[in-house]
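Only one structure is covered here, and it is reproduced in the block below.
The values are calculated or read from the model by the stated rules, or taken from the named source; none is laboratory data. Model, not experiment: these values are computed from the prediction. Surface accessibility is based on the protein's heavy atoms, side chains included, excluding ligands, DNA and RNA. Shrake-Rupley method; radii C 1.70, N 1.55, O 1.52, S 1.80 Å.
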Amino acid sequence: MTRTRKLAGHIAFVGAGPGDPGLLTRRAHDALVDADQVVYDRGVPETLLAAVRANAKADAQLSPAEGAPGDVAKVLISAARSGQAAVRLVCGDPFGHHGVVTEVQAVARTAVPFEVVPGVSQAEGVASYAGVPLPGVRTVADVDDIANLDFEALAAAIGRGSLALAVDAGELAAARDGLLAAGVDGTTSVAVTGDGTGETQYTTTSSVDSFVAAALGFTGRVVLTIGAGVTERDKLSWWENRPLYGWKVLVPRTKEQAGVMSAQLRAYGAIPCEVPTIAVEPPRTPAQMERAVKGLVDGRYAWVVFTSVNAVRAVWEKFAEHGLDARHFGGVKIACIGEATADAVRDFGIQPELVPGGEQSSEGLLAEFSPHDEILDPVGRVLLPRADIATETLAAGLTERGWEVDDVTAYRTVRAAPPPAEIRDAIKSGGFDAVLFTSSSTVRNLVGIAGKPHARTVVAVIGPKTAETATEFGLRVDVQPAHAAVPDLVEALAGYAVELREKLVTMPAKQRRGSKVQGPTALRFR
């Protein structure tokens with residue numbers, strides 16, 4: 001009888017970088033995705049851990065490192081010897097920490113295979129995010145034990161070029177005293193950055209003799225950058241100067257729908273909060289959709305008109321139930337009300353024949369939809385799968401153009417459950433800087449489940465219909481893009497934020513206090 005030999009496990013010491021999940025290397029990402037067990041530093045930011053959990057194996061175990069380096073090494077070795085892929089996840093670079101080096105040495109004394117995946121050091125990465133170059137001979141260090149730091153060598157390094165140190169906020173006074181005792185000029189420029197590469201990163205500039213007071217209130221790990229590069233920060237700061245930096249933006253959409261919008265908001269520096277206002281459910285009577293799918297396969301329709309991503313999903317789910325795929329759309333032309341819906345169709349391997357180039361709405365689609373011609377269009381029927389609460393504008397317009405329309409309920413939209421109490425309170429008290437509405441139903445349902453946004457919250461709407469509904473509910477519409485699409489909506493909000501910042505800069509200080517501009521911009525444009 002042949003016995004299958006169990007494959008040996010292995011250990012990867014992975015550098016997490018300074019905190020932003022986007023700074024993980026490809027090698028680090030692959031190691032984390034394949035890991036059976038991840039042992040992480042308690043200093044690894046929760047945003048990065050959330051990204052790790054989202055991409056990890058379903059049965060992967062994540063746990064914080066406990067005990068001395070020898071204890072952590074034993075946990076890793078035990079996991080590897082049981083055939084697991086173990087990852088030791090550390091802030092910055094693995095070899096930038098004395099304790100982690102000790103762990104690697106302990107593993108190296110065994111026969112367990114291991115690798116070390118480098119990461120961007122906290123000190124160097126955060127300096128770049130703060131807009132502080134490190135010219136000349138650069139010295140960077142992620143400090144674990146400030147008591148054993150060679151301040152004489154650091155003082156010499158400042159004289160030759162620039163210095164960046166990552167330390168605990170509670171050790172700032174010790175860092176100041178050590179630098180001054182080593183002969184560093186007290187007037188030397190210093191930048192202190194908290195929550196480096198995070199959503200609330202904030203940098204203050206001062207001097208060696210005053211940076212402790214300037215950084216009052218900072219917690220966790222902070223980065224000190226010292227040298228001539230600090231004076232360049234006014235021109236080179238980019239992370240904290242993004243248009244929506246620090247804005248808390250309410251996104252009343254389901255997680256699946258909010259993905260693209262939230263990603264774009266984050267790119268502009270905002271902190272999106274996704275609150276589903278609508279839940280999508282199957283139609284109460286599925287017979288209509290069953291007949292519609294059979295009609296598609298049998299050539300009953302000349303066109304299928306999709307008005308939402310949900311409608312596309314509903315049809316494809318019904319196709320999957322019957323073992324059908326994109327090939328069964330042969331001969332049927334597809335129209336989509338907008339680019340987001342068209343992208344959903346393309347995801348299934350089909351290129352839509354019609355997407356309005358102008359206004360992406362029912363009216364915009366009708367403006368470009370050809371009237372029925374009995375000679376050119378031997379099949380004169382259109383399938384219109386959509387929500388149970390959709391308006392009649394599109395169906396009526398197609399009928400006027402000579403088409404027979406099968407207006408089919410593909411899915412039902414019901415009001416979602418109310419969000420947690422703290423989110424409802426934030427909505428009503430002005431805890432959100434902006435809210436983005438992408439349809440009239442999101443306005444109605446948000447107000448219904450959570451209450452009306454506070455008057456100082458910036459209201460951005462995707463198009464005129466949504467603006468009308470917002471106004472009906474007593475909301476002031478501040479932002480509306482020229483083109484009704486999600487990317488344009490976010491872009492318009494970013495442009496509005498830039499205008500507010502310019503007003504804040506030019507407004508006299510006396511007027512600035514208590515003005516509307518003060519509200520959503522005061523904390524971001526410091």
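Observations, loosely collected:
- Sequence of Val305, Val280 when ordered by accessible area, the most exposed leading, probe 1.4 angstrom: Val280, Val305
- Close amide H partners of Ile271, meaning residues 5 or more places away or on another chain with modelled amide H under 5 Å apart, are Gly246, Trp247, Lys248, Val249.
- Dividing the mean sequence gap of close Cα pairs (under 8 Å, 6+ apart) by how many residues the range 410-472 holds gives a relative contact order of 38 percent.
- His454 exposes around 60 Å² of accessible area when a 1.4 Å probe is run over every protein chain in place.
- Compactness of the range 221-373, expressed as Rg and Dmax over alpha-carbon positions, Å: 22.6, 75
- Under Stokes-Einstein, with the Kirkwood radius over Cα pairs as Rh, the value for the chain at 37 °C and 0.692 mPa s is 121 µm²/s.
- Relative contact order (%) - the range 1-102, alpha-carbon pairs under 8 angstrom, separation at least six: 45
- Axis of helix 151-160 versus longest Cα principal axis of the chain: the two differ by about 70°, to the nearest ten degrees.
- Between the range 329-402 and the range 249-275, the Cα center-to-center distance that results, in Å: 28
- Inter-part distance, the range 204-222 to the range 121-135, computed on C-alpha centroids, equals 16 Å.
- Computed with a 1.4 Å probe over protein heavy atoms only, the accessible surface of the chain comes to 47 Å² per residue.
- Computed on the Cα atoms alone, the convex hull of the range 71-122 gives a volume of 69 cubic angstrom per residue.
- On Cα atoms only, tilt of 309-321 relative to the major axis of the chain in degrees: 80
- Adding -39500 (n - 2.57) for every DSSP H run of four residues or longer, then dividing by how many residues the chain holds, sets the calculated 222 nm ellipticity at -10500 deg cm²/dmol.
- Karplus-derived 3J(HN,Hα), 6.51/-1.76/1.60, for each residue of the range 19-29, Hz, glycine and proline x: x, 5, x, x, 9, 5, 6, 4, 5, 5, 4
- Share of carbon and sulfur in the accessible heavy-atom surface of the chain [1.4 Å probe, %]: 53
- Remark: relative contact order (the chain) = 10 percent; criterion is Cα-Cα distance under 8 angstrom and separation of 6 or more residues.
- Tensor-based shape of the range 394-510 (alpha-carbon gyration tensor, a/c under 1.5 rounded, otherwise prolate or oblate): oblate
- Distance from the range 40-76 to the range 98-114 (C-alpha centre basis), Å: 17
- Each DSSP beta bridge with both residues in the range 101-213 is either parallel or antiparallel, and the antiparallel ones are about 50%.
- Bridge type composition, the chain - antiparallel percent by DSSP, nearest 5: 30
- Cα gyration tensor category, rounded, prolate or oblate, for the range 264-308 with a/c compared to 1.5: oblate
- Sorting Arg412, Arg284, Arg27 by accessible area puts them as Arg284, Arg27, Arg412; the probe is 1.4 Å, largest comes first, and only protein heavy atoms count.
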